[in-house]
Amino acid sequence: FTYDDLSGQDSEDYRFVEMQETETHWTLTAEKREPREEDRATRFVFSVAKETYALEGVEYVNAAGNAVRRLTSSEFSNLTGDLWSPSRMVMEDLESGTRTELEWSDRRLNEPVEEWRFTERGLLRGV
């Protein structure tokens, strides 16, 4: 995973060029509006489950049309009435053959957070 993968992304930075539909999923294809020379991927193919609106996968495609990375999300749980989130995400680098796996457990939403965690010392200390 890169910093860009984990940080928020603005849909305005992409142009959605295609949508396909099956009985269970939507597949959306987006292209970067202003690709940078250093971008490994400029086209993204998103797989969204119709029942939950959850993002189940993303294929990252380079300017030559080759898939370079693949994100697969699984083990979804309903965090709130409408919010489904994966407990497991795997990012595969299709060029190097490496992969990174992220797993979450015991997630809680809208819990109070102690103030000390937002101090410089708390941030440096971590969990």
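Among (1) 48, 37, 31; (2) 49, 31, 24; (3) 43, 32, 30, find the value of Cα extents along the principal axes in Å that was calculated from the structure presented, and write down its label. The value matching this structure is (1).
Positive contributions from Lys and Arg (+1) and negative ones from Asp and Glu (-1), summed over other residues with Cβ under 10 Å from the Cβ of ARG70, come out at -1.
Net charge of the neighbourhood of ARG117, taken over other residues with C-beta under 14 Å away and scored Lys/Arg +1, Asp/Glu -1, is -2. Whole-Hz Karplus values for the stretch 13-18 come out as 7, 10, 10, 7, 10, 7 Hz, taken residue by residue from phi with 6.51 cos²θ - 1.76 cosθ + 1.60 and θ = phi - 60°; glycine and proline positions read x. Of the solvent-accessible surface of the stretch 20-103, computed with a 1.4 Å probe and all protein chains present, 46% belongs to carbon and sulfur. Using the Cβ of VAL45 as centre and a radius below 9 Å, the other residues enclosed give a net charge of -1, where K and R count +1 and D and E count -1. When the chain is described by a simple charge dipole with +1 on each Lys and Arg Cβ and -1 on each Asp and Glu Cβ, the residue from ALA49, LEU83, LEU102 located farthest towards its positive end is LEU102. For the listed peptides 32-44, 107-119, 58-70, a ranking on the average number of other beta carbons within 10 Å per residue, highest first, reads 58-70, 32-44, 107-119. Rolling a 1.4 Å probe over the protein heavy atoms gives the chain an accessible area of 75 Å² per residue.
With contacts taken as Cα pairs under 8 Å at a separation of at least 6 residues, the chain carries a relative contact order of 13 percent.
The values are calculated or read from the model by the stated rules, or taken from the named source; none is laboratory data. From a predicted model like this one, the values you see are computed outputs, not experimental measurements. Neighbour counts are summed over all protein chains in view; Cβ atoms, including those assigned to glycine, are modelled from backbone coordinates with ideal geometry. What goes into the accessible areas is simple: the full protein's heavy atoms, side chains included, and nothing from ligands, DNA or RNA. Shrake-Rupley method; radii C 1.70, N 1.55, O 1.52, S 1.80 Å.
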